[in-house]
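Have a look at the structure below, then the notes.
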Amino acid sequence: MTFEETAILLHAIVTYYPNARLEQTRQTVNAWHKVMDDCDAKQVEDKLLAYVKAGNRFPPTTADLYIQKAPYRPEHDREKTLAHLNTIRHDSGVASRLTAQEKEEIKRVKRDIERSLSEN
């Protein structure tokens, strides 16, 4: 979530829970943003709506709304991964600065990734 999305989230909480003791100051937004910055705003918004619709009488905390983004997995974006592998394969400037052992490790990892992608 961006800082602005966090501020919008706090505004929504105060809208749904008018008696909430949640000050909409820069300090409060900063504190919430430190926790929520790696969350997806749409998922958090959906979770807030579910929280409200579940009949919760008290405003949510960061712990109630926090949803960690799923880690990136290359098999989810096969075309981008293959293009990236081709870019790496043809970037001789980087390759010239690597040791033989590093080059072998990179080749092994590339083979593993390509094998994984071809299985999908």
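The values are calculated or read from the model by the stated rules, or taken from the named source; none is laboratory data. All values derive from a computational prediction rather than experimental measurement. In this analysis, Cβ positions are derived from the backbone assuming ideal geometry, glycine residues included, and neighbour counts consider all displayed protein chains. Accessible surface areas use protein heavy atoms only, side chains included; no ligands, DNA or RNA. Shrake-Rupley method; radii C 1.70, N 1.55, O 1.52, S 1.80 Å.
When A20, A50 are checked against the criterion of being over 30 Å from S118 (Cβ atoms) and modelled with pLDDT under 95, a single residue qualifies: A20. Whenever a residue of region 28-40 is among the small types (G, A, S), its partners that are surrounded by 15 or more Cβ atoms within 10 Å (Cβ to Cβ), lying with C-beta atoms within less than 9 angstrom and at least six residues away or across chains, give the pairs A31/T62.
Which of (1) in a helix (DSSP H, G or I); (2) within 16 Å of the chain's Cα centre (by Cα) is the odd one out, the single condition C39 does not satisfy? The one condition C39 does not meet is (1). The set of residues in region 53-85 being open to solvent by less than 70 Å² (accessible area, probe 1.4 Å), in a helix (DSSP H, G or I) and either under 27 Å from T6 (Cβ atoms) or at pLDDT 70 or above (or both) consists of T62, D64, L65, L82, A83.
When you look at E5, is it open to solvent by 80 Å² or more (accessible area, probe 1.4 Å) and either assigned to a loop (DSSP other than H, G, I, E, B) or in contact with a helix residue (DSSP H, G or I) (Cβ under 8 Å, 6 or more places away or on another chain) (or both), yes or no?
Details: open to solvent by 80 Å² or more (accessible area, probe 1.4 Å): no; either assigned to a loop (DSSP other than H, G, I, E, B) or in contact with a helix residue (DSSP H, G or I) (Cβ under 8 Å, 6 or more places away or on another chain) (or both): yes.
It is false that E5 is open to solvent by 80 Å² or more (accessible area, probe 1.4 Å) and either assigned to a loop (DSSP other than H, G, I, E, B) or in contact with a helix residue (DSSP H, G or I) (Cβ under 8 Å, 6 or more places away or on another chain) (or both).
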